[in-house]
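Below: one structure, written as structure tokens.
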């Protein structure tokens with residue numbers, strides 16, 4: 001039993017009078033306290049691999065921002081590395097895979113990841129749970145199969161992910177093989193996170209938006225389905241960033257929560273996902289505005305989601321140059337709101 | 001009178017038995033013939049400013065690919081430069097504005113562009129029209145106000161355009177001032193292109209996708225409306241890339257054609273835009289596939305648009321590493337199709 005179970009109740013479909021709130025990238029550069037801890041690690045990957053440091057920054061926003069859930073500090077690229085594909089994190093450019101997947105042979109070389117490959121994340125979760133002392137739930141996470149596939153075949157971030165999509169169009173069989181290997185790894189990974197203490201898990205499909213409905217139905221939905229069906233212990237959140245065309249197919253998956261980016265109109269999501277808890281979807285850039293504007297838009301959002309099970313969040317991660325005080329304000333506004341339920 | 005008026009007829013709302021086709025970036029790196037001409041210019045901007053070279057590459061795809069329209073070779077950043085904000089084109093990184101807009105004073109320094117500021121584009125259009133000898137229509141174009149605003153305030157391409165969106169949220173008055181100055185420039189620019197011979201014009205709103213419905217309705221639609229109402233001489237195409245949430249508002253604008261990216265399901269566009277000609281929307285990555293797959297997906301697309309006025313195209317520009325033969329195949333497939341009209 002947790003002292004604050006608001007988020008888990010909402011995730012399981014309850015229309016809670018008080019609305020739970022957390023923020024993607026709440027454990028991140030927006031907090032000066034995070035930046036101070038970050039300096040203790042040699043580099044970003046070393047940081048991710050240090051359970052003590054990861055647990056420390058995971059808990060920071062709980063106290064500083066007063067959010068209703070912690071999310072384990074880690075990176076979605078843990079899984080590609082655990083499968084045998086190491087990456088580098090370049091400060092300006094983001095992640096780079098020096099030996100990205102270029103042939104079917106490269107796919108064969110990868111193995112399905114198991115606990116030994118990502119034990120440091122499990123250690124961080126256990127440490128965090130210990131420090132959290134059952135105050136609030138801890139969110140575990142993984143990249144979704146397509147998003148990991150995209151990084152592994154493109155070798156780096158991209159506007160078009162044309163190399164990755166070339167695989168889907170020109171070699172669907174090998175694409176399915178790689179997606180299956182990734183999916184098997186993700187299922188191990190999430191189950192192990194749950195065993196280590198994660199109370200709920202989120203799948204980040206950050207590059208959903210470069211596909212379309214047909215590609216998503218063919219190369220993503222079957223794998224998300226396997227994951228959702230394998231995870232029965234805790235609620236599952238899916239975040240198909242920029243994937244307005246994915247919602248109808250996601251509605252039939254065995255997941256509990258769908259996280260929405262800010263381009264999705266709440267009323268459309270409510271219609272398309274009648275059985276899901278919704279999460280999101282403030283524009284991160286709203287937090288550049290003055291206090292009155294933030295208040296106005298946040299209340300408008302809360303009212304739009306008034307009638308459904310709902311978790312307040314942004315439609316994407318916090319940008320590093322957003323002021324900490326504005327983030328606190330966003331959390332306070334959500335907490336100040338009480339739903340009028342008929 | 002043009003020998004081939006298929007595109008203009010479709011743009012004006014006719015359901016043509018044969019479907020007109022052209023491709024965004026058809027005058028570009030996908031053609032070896034383009035790359036040969038490109039080498040004659042010192043750099044990209046110098047290339048854009050050479051009417052003879054611009055006319056030459058504009059006409060290349062007409063003969064090589066057998067498309068039903070030419071589009072003047074130029075760049076959407078002609079207008080910011082014409083307003084007093086010079087840019088550099090860096091081979092790998094794309095465009096950079098060294099003195100991008102950072103204050104209201106920077107906005108005041110800009111002037112509304114007139115013919116003298118972009119005469120080289122008008123010269124290129126006149127030359128192209130002469131060489132085309134009325135075979136097919138020539139498409140003129142401009143960046144849409146928001147997309148130019150985005151580049152001018154961000155200083156370069158960006159995944160989030162958070163600097164640009166910060167303007168909208170934190171200084172809406174100054175944002176409107178800059179958008180109005182850009183809009184006035186675009187109206188001059190398109191009217192001058194039409195006087196010089198452009199038979200139809202397209203507005204590229206390449207960064208529509210980082211906004212949402214409310215921002216688009218506030219900061220984009222009013223300016224697009226001014227432009228659409230000012231241009232009565234020729235049909236107007238609007239391309240709101242990744243702007244699934246813009247379609248309803250665009251449906252009430254005085255434009256003729258809406259160009260769709262590949263994430264939009266044709267049946268949704270047909271419902272939302274009942275009075276518009278639709279253009280698009282094949283995934284550029286489809287052209288990485290084998291011939292059978294290209295044929296299958298292209299025919300599927302043509303059938304989905306069977307009942308409405310329609311211009312075949314991609315949902316975005318051609319990627320430079322697509323094979324020329326695949327592009328020719330796409331055009332041939334469209335030309336081989338005859339609509340069954342009841």
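Quick notes
- Any hit, the stretch B:265-279, residues being within 20 Å of the chain's Cα centre (by Cα), surrounded by 23 or more Cβ atoms within 10 Å (Cβ to Cβ), within 14 Å of chain A (Cβ to nearest Cβ) and part of a loop (DSSP other than H, G, I, E, B): no
- The set of residues in the stretch A:283-342 being crowded, with 22+ Cβ neighbours inside 10 Å, over 22 Å from the mean Cα position of the chain (by Cα) and within 23 Å of residue A:5 (Cα to Cα) is empty.
- Yes/no for residue B:17 being out of contact with any strand residue (DSSP E or B) (no Cβ under 7 Å at 6 or more places or on another chain) and in contact (Cβ under 8 Å) with a residue 24 or more places away in the chain: no
- Here is the figure for the stretch B:8-29: residues that are under 19 Å from residue B:55 (Cβ atoms) and assigned to a helix (DSSP H, G or I) total 0.
- Across the stretch A:305-325, the number of residues qualifying as more than 11 Å from every other protein chain (Cβ to nearest Cβ) and either more than 16 Å from residue A:64 (Cβ to Cβ) or part of a helix (DSSP H, G or I) (or both) comes to 12.
- Qualifying positions in the stretch A:76-95 - in a loop (DSSP other than H, G, I, E, B) and under 12 Å from residue A:43 (Cβ atoms): A:87, A:91
- Filtered residues of the stretch A:30-53 (kept if exposed (fewer than 15 other Cβ atoms within 10 Å of the Cβ) and either part of a helix (DSSP H, G or I) or in contact (Cβ under 8 Å) with a residue 12 or more places away in the chain (or both)): A:32, A:35, A:36, A:40, A:43, A:46, A:52
- All positions within the stretch A:138-156 that are surrounded by fewer than 24 Cβ atoms within 10 Å (Cβ to Cβ), outside any strand (DSSP E or B) and touching a strand residue (DSSP E or B) at 6+ places or on another chain (Cβ under 9 Å): A:155
- Yes/no for residue A:68 being crowded, with 22+ Cβ neighbours inside 10 Å and assigned to a loop (DSSP other than H, G, I, E, B): yes
- Of the criteria (1) in contact with a strand residue (DSSP E or B) (Cβ under 8 Å, 6 or more places away or on another chain); (2) without any contact (Cβ under 8 Å) to a residue 60 or more places away in the chain, which one residue B:214 fails: (1)
Any read-out appearing in this document is the output of simple, stated calculations on the displayed coordinates, not a laboratory observation. No experiment lies behind these values; they were computed from the predicted model shown. As a convention, Cβ positions derive from the backbone with ideal geometry for all residues, glycine included, and neighbour counts pool all protein chains shown.
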